[in-house]
Amino acid sequence: MKRREFIVGGTTAGISGIAGCSDSATPVMEFQNFVVPDPRMVSQDADGEEYVATIQNTRDGGEIAVELWYYRSPDTPRPGAAATYLNGEYQDRHFESAKARYFAGGERRDIAVTGDDHPLMESDSFDYGFALWPASHGAVFENTGGSGEIEFRFEYQDTQGYNPREPPNKLDSVGRGKTIEIVFNTVIPPLAKYDIVAEPV
């Protein structure tokens, strides 16, 4: 059995706040910063059917999806997207299992994933590896207007040809001069562009 170490990622995002009207009694949401984790592989190992990845989150706290893949050969190309966007066309590789776990900003820890026997595994020399994906995307907004209720929407601007599901809208209340963090738990297509919109209701 062999192992491979790699990082898969690289998604582009845009975030915007829509202020609504200029009435001081109405919330005016101004974007402050992104909230997206950035997982990096530190090491990986296997013990029987248990595969363990040591992962370092180098950015904000959030959900990280950890995928275990099997490969017929070490020359098999690594996946360019999360399994959900590959339509089952894996070509000499087999998506085995996945977990999503919350990592605090800067946190490093081990994640264990259990694998099973599969027809792809013809000998003890098969390769394996983990693919890591940000599984939450969010933003912090500051309210420079009055108190009120805000609707937050996750909206794709460019899906790169994929047909992903947009997460449901969220409603929350925000006070005058307060900041609010909103996070949508989703794995987005590679290089997709999206907005997170904050709008008074």
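The values are calculated or read from the model by the stated rules, or taken from the named source; none is laboratory data. This structure is a prediction, so every number in the text was calculated from the model and none was measured. Positions of Cβ are generated from backbone atoms using ideal geometry, with glycine treated the same way; all protein chains shown enter the neighbour counts. These area figures cover heavy atoms from the full protein model, side chains too; ligands, DNA and RNA do not enter into them. Shrake-Rupley method; radii C 1.70, N 1.55, O 1.52, S 1.80 Å.
For this structure, a couple of remarks:
- Hits in the stretch 66-78 - residues which are surrounded by 20 or more Cβ atoms within 10 Å (Cβ to Cβ) and out of contact with any helix residue (DSSP H, G or I) (no Cβ under 9 Å at 6 or more places or on another chain): VAL66, LEU68, TYR70, TYR71
- Subset of the stretch 176-189 that is outside any loop (DSSP other than H, G, I, E, B) and either of a type in the set (A, V, I, L, M, F, W, C) or farther than 20 Å from PRO37 by Cβ (or both) - its residue that is most open to solvent (accessible area, probe 1.4 Å): VAL183
Yes/no matrix, rows are residues, columns are (1) part of a strand (DSSP E or B); (2) open to solvent by less than 30 Å² (accessible area, probe 1.4 Å); (3) basic (Lys, Arg):
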{"site": "ASP110", "(1), (2), (3)": "yes, no, no"}
{"site": "HIS137", "(1), (2), (3)": "yes, yes, no"}
{"site": "ILE150", "(1), (2), (3)": "yes, yes, no"}
{"site": "PHE154", "(1), (2), (3)": "yes, yes, no"}
{"site": "ARG165", "(1), (2), (3)": "no, no, yes"}
{"site": "LEU191", "(1), (2), (3)": "no, no, no"}
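- Lone unmet requirement of (1) under 19 Å from ILE188 (Cα atoms); (2) free of Cβ contacts under 8 Å to residues at least 40 places away in the same chain; (3) assigned to a loop (DSSP other than H, G, I, E, B) for ARG101: (3)
- Only one of HIS118, HIS94 that is at pLDDT below 95 and surrounded by fewer than 15 Cβ atoms within 10 Å (Cβ to Cβ): HIS118
- Residues that are free of Cβ contacts under 8 Å to residues at least 60 places away in the same chain and closer than 18 Å to ALA98 by Cβ were ranked within the stretch 46-65; the one that is most open to solvent (accessible area, probe 1.4 Å) is THR54.
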